[in-house]
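Throughout, read-outs are computed from the coordinates displayed, never taken from laboratory work. The structure presented is a predicted model; accordingly, all values stated were derived computationally and were not measured. Here the Cβ is made from the backbone with ideal geometry for all residues, glycine too, and neighbour counts use every protein chain on show.
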Amino acid sequence: MTTMREAIAAGKKLRIVPYKVGSGSAALLRDYIRQETRKNIYILDKHKALHEPGRIFLNWGCSNLSVNSYRTVGAAPALVALAAEKSGWFRYLVRESPRSVEHLPAFTTLAADAVAMVAAGKTVVARHSTTSHSGIGAQVVSGDGVLYSADDVKDQSWLKAKLFTEYFHKSQEYRVFVLQGRVILTRRKRKTNGAEEQTYSKYIRVHNTGWNYCAVQDDEVPATVRAAALAIDRCTGRSNGVIAYDVGYRERDGKAVVFEANTAPGIVGETVKIIGDSLLDMELPYELDVY
Ligand SMILES: Nc1ncnc2c1ncn2[C@@H]1O[C@H](COP(=O)(O)OP(=O)(O)OP(=O)(O)O)[C@@H](O)[C@H]1O
Ligand SMILES: [Mg+2]
């Protein structure tokens, strides 16, 4: 089998196809791979024709890419579509792999069930949008009332949300990057220094609630965190793309729970280099003459 690096050295042209042409992460990845391979690597608009020979297309978050799948690497468009809608993603996982419930928060789409969860003393994350990112449309609710509301849902009733997950009381949260069934990188979410208090949330750990993703030694990452990400990754089949899982970890009992799969994760700095190298060293799924 040939690695991406060998294929590019042999003259195959790589085109990165992001979900939107302006994707900053795709541009950083292009710049890094260009610098590493000393070849012209371009970003390609997903709407442009993708049937030229001698190209390898790297999908970066497109759910509707109509290309010859033999020549496309990256997360499969069907998987991108699945992961992009949180409710369907959770339902798919438990239907196809019933044991995945061990690695997911309990969830329901029924407000009555969510009310029962709160009455039983649980805290619930209500999602008014199941296709958003950055915590948009999220509320956190307990028997004490609404503990957190994203700006866009300030005064809405949490009962109108489309998805409710049981809040997992995490002591840490990680982002675990998986490629071809292996963990290639883990980042730990850390409170941003001087995060403005009005935007900070300890419940919803995303950039705009005062969190950033920082380096962590491999041996500092709890084994259950990696295991949870890999277990969920296996449920969706072998992927030739980088998938970043958000995983909560609870020190008290060592439990880890996967909140989300990101198929076009935001990457900067050292992460770009590690992801770029992993993609270049990835074995391509087909023999070179197929591309
Ligand atoms: N059931 C839950 N229990 C505990 N925390 C949760 C739960 N669901 C979501 N969160 C918190 O909210 C954050 C955002 O949730 P999630 O990753 O599902 O949504 P998102 O809006 O797509 O965010 P992004 O794509 O920016 O990571 C998680 O990283 C986690 O900190
Ligand atoms: Mg997330």
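So the values come out like this:
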| quantity | calculated |
| --- | --- |
| The chain: relative contact order in percent, alpha carbon pairs under 8 Å with at least 6 residues between | 22 percent |
| Whole-angstrom gap from the range 166-188 to the range 197-270, using each part's C-alpha centre | 3 Å |
| Förster radius 30 Å - calculated FRET efficiency between Asp289 and Cys214, Cβ distance, rounded to 0.05 | 0.10 |
| Bins of 10 Å, starting at 0 and running to the largest distance - Cα pair percent for the range 57-139 | 15, 36, 32, 12, 4, 0 |
| Neighbour-limited loop hits for trypsin sites (Lys or Arg not before Pro), the range 143-202 (at most 12 other Cβ within 10 Å; DSSP other than H, G, I, E, B) | Lys154 |
| Built amide H within the under 5 Å cut-off of Trp211, gap 5+ | Thr192, Val206 |
| Sites Val21 and Ser157 - FRET efficiency at Förster radius 30 Å, r taken between beta-carbons, to 0.05 | 0.20 |
| Rounded, prolate or oblate (a/c below 1.5 giving rounded, otherwise prolate when a/b exceeds b/c) for the chain by Cα gyration tensor | prolate |
| Under Karplus coefficients 6.51, -1.76 and 1.60, residue-wise ³J(HN,Hα) of the range 143-158 in Hz, glycine/proline x | x, 7, x, 7, 8, 7, 9, 5, 3, 6, 10, 2, 9, 7, 6, 5 |
| Under 24 Å from the Cα of Lys202 - lysines, other chains or at least 8 residues apart | Lys86, Lys122, Lys154, Lys160, Lys162, Lys170, Lys189, Lys191, Lys255 |
| Shape category assigned to the range 115-229 from the gyration tensor of Cα positions, a/c cut at 1.5 | prolate |
| Rounded to 10°, Cα long-axis angle of helix 270-281 versus longest principal axis of the chain | 50 degrees |
| 10 Å binning of all Cα-Cα separations within the range 107-166, expressed as whole percents from 0 upward | 27, 59, 13 |
| About the Cα centre, charge dipole magnitude for the range 107-166 (Lys/Arg +1, Asp/Glu -1 at Cβ), debye | 120 debye |
| Signed unit charges on C-beta, dipole axis of the chain, positive-most listed residue Ser23, Ile243, Leu179 | Ser23 |
| Qualifying trypsin sites (Lys or Arg not before Pro) for the range 214-291 [loop in DSSP, other Cβ within 10 Å: at most 10] | Arg238, Arg252 |
| Percent RCO, i.e. relative contact order, over the range 107-166, from Cα pairs under 8 Å lying at least 6 residues apart | 44 percent |
